[in-house]
Structure formats: structure tokens, C-alpha cells
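**Student:** Next up is a structure, given as C-alpha cells.
Since every read-out is calculated from the coordinates, none of them should be taken as a lab result. Not measured: the values here are computed from a predicted model. Note that we place each Cβ from the backbone using ideal geometry, even for glycine, and neighbour counts take in every protein chain shown.
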Amino acid sequence: ERGLPGALGSTTKLAEHAERHLGPGARAQLRYLGSQPASVIAPLRATAAVTVVASRFETFGMTLIEAMAAGSPVVAARAGALPEILAPVSEELLFRSGDADELADRVRRLFDRPEHAAALGARGREACERRYAPAVVARATADFYRGVAHR
């Protein structure tokens with residue numbers, strides 16, 4: 001974690017920010033794990049009520065794809081490639097980058113409708129299997145190189 005940017009180049013770690021800005025009830029629901037290896041993150045994604053990808057700049061979005069592959073319902077910023085990756089699942093899962101109110105609204109919608117959230121998670125997993133499974137990517141890459149070699 002690099003921290004949240006503050007005044008004059010300072011940063012605040014997420015746990016510190018939560019302590020200062022969240023009430024005791026909200027803090028009691030927060031479990032901050034810090035940096036974790038992929039072997040810990042993968043099972044967490046599969047059980048998450050929602051995964052938030054709040055990037056302001058994103059060229060591809062492995063975090064998004066990994067969450068989708070795990071079947072986690074995802075809310076993502078309209079940044080870089082994220083909308084294109086998430087479009088086959090649902091436009092309702094996107095929010096304007098940097099808009100905390102819209103982000104909160106998207107997450108709240110998923111919390112309020114857990115069955116719908118689970119269905120979106122399943123659609124995300126299916127979309128991921130169709131577009132980003134290793135065999136699919138390998139086949140597309142080989143096809144591309146064959147096409148280039150024939151030219």
C-alpha cells in the first residue's frame with residue numbers, strides 16, 4: 001500500500017484513514033489485511049460480497065480480470081480499459097473515476113440485492129472464461145502470429 005495522498009505530499013495508510021474518518025460501527029466491519037500474496041487473495045476474492053477496482057488510470061486491469069474469474073461481483077471505475085473489460089457483464093457496475101458518491105451507490109446496490117450481485121459475479125466469470133482463459137488467449141495469440149507470418 002502506497003497510502004492515500006494528502007497535503008504537501010504526505011500519505012496516510014488505509015488503516016489510519018479508517019481510524020480517523022469512520023465511526024466505530026463501520027470500523028468494526030472493516031478487516032484490513034495489508035499487502036497479501038496471490039495465494040491468500042484468490043480465495044478471498046471467491047467469497048467477497050464485492051470487489052472494488054477504483055483505479056484512476058488503468059491500461060488493462062488484471063485485478064478486475066482476476067476478480068471476475070473468481071466470480072466476485074465487481075464495481076470498477078470508468079478508467080482506461082476497465083469499462084471495455086466489464087461491458088459484457090453490465091454497465092451498471094461502472095462509476096466515474098474519483099466519484100466516491102457514485103462508487104458508494106454502485107456498492108450499495110449490490111449489497112441491497114445479493115442475488116443480483118451473485119448473478120453478475122457468475123456473468124463476470126463466464127465472460128472471463130470466454131475472453132481471458134489461458135487457452136483462449138493462447139489461441140488468439142497464435143492466430144495473430146500466423147496471420148502476421150503469412151503477410
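**Student:** Quick check for me: using +1 on Lys/Arg Cβ and -1 on Asp/Glu Cβ, what's the dipole size of the range 34-94 about its Cα centre, in debye to the nearest 20?
**Tutor:** Computed about the Cα centre, the dipole is about 160 debye.
**Student:** By how many degrees, between 0 and 90 and to the nearest 10, does the Cα long axis of helix 38-47 differ from the longest principal axis of the chain?
**Tutor:** It works out to around 80 degrees.
**Student:** Just to verify a number: FRET efficiency for residue 28 and residue 118, C-beta to C-beta distance, R0 = 22 Å, to 0.05?
**Tutor:** After rounding to 0.05, the efficiency reads 0.30.
**Student:** What does the charge count near residue 83 come to, summing +1 for each Lys or Arg and -1 for each Asp or Glu among other residues with Cβ under 15 Å from its Cβ?
**Tutor:** Neighbourhood net charge equals -1.
**Student:** While we're here: Given the convex hull over the Cα atoms of the chain, what projected area results after averaging over all orientations, in nm²?
**Tutor:** The Cα convex hull of the chain, projected and averaged over all directions, gives 11.6 nm².
**Student:** Which Cα, out of 44, 88, 74, lies furthest along the positive dipole direction of the range 1-140 (beta carbon charges, K/R +1, D/E -1)?
**Tutor:** Of 44, 88, 74, it is 44.
**Student:** I need the shape label for the range 89-151. Rule: rounded when a/c is under 1.5, else prolate if a/b > b/c, else oblate, with a, b, c from the alpha carbon gyration tensor.
**Tutor:** oblate
**Student:** Taking amide H positions as placed 1.01 Å from N in the peptide plane, with prolines and chain starts having none, which residues 5 or more places from residue 94, or on another chain, fall under 5 Å of its amide H?
**Tutor:** Residues meeting the amide H criterion: 76.
**Student:** Please work out the FRET efficiency for the pair residue 54 and residue 150, using the Cβ-Cβ distance as r and a Förster radius of 35 Å; give the result to the nearest 0.05.
**Tutor:** Given R0 = 35 Å and the Cβ-Cβ separation, E is 0.25.
**Student:** Efficiency by 1/(1 + (r/R0)^6): what FRET value for residue 87 and residue 7, r their Cβ-Cβ distance, R0 = 41 Å, to the nearest 0.05?
**Tutor:** Approximately 0.65, to the nearest 0.05.
**Student:** Mind checking which of 16, 129, 92 has the largest fluctuation in a GNM of the chain, springs on alpha carbons under 10 Å?
**Tutor:** 16
**Student:** Could you order the peptides 23-33, 109-119 from most to least packed, using the average number of other C-beta atoms within 10 Å per residue?
**Tutor:** Final packing ranking: 109-119, 23-33.
**Student:** Quick one: helix 114-132 against the long Cα principal axis of the chain, what's the angle to the nearest 10°, folded into 0 to 90?
**Tutor:** Helix 114-132 sits roughly 40 degrees off the main axis of the chain.
**Student:** Around residue 51, which amide H atoms from residues at least 5 apart in sequence, or from another chain, sit under 5 Å from its own amide H, with H modelled in the peptide plane?
**Tutor:** Under 5 Å from the amide H of residue 51: 74, 75.
**Student:** Let me ask another. What is the magnitude of the charge dipole of the chain about its Cα centre, with +1 placed on the Cβ of each Lys and Arg, -1 on the Cβ of each Asp and Glu, and no other charges, expressed in debye to the nearest 20?
**Tutor:** That gives the chain a dipole magnitude of about 320 debye.
**Student:** Quick one: grab the alpha carbon gyration tensor of the range 1-79, order the square roots of its eigenvalues as a ≥ b ≥ c, and give me rounded if a/c is under 1.5, else prolate or oblate depending on whether a/b is larger than b/c.
**Tutor:** Oblate is the answer for the range 1-79, as a/c is 1.5 or above yet b/c matches or exceeds a/b.
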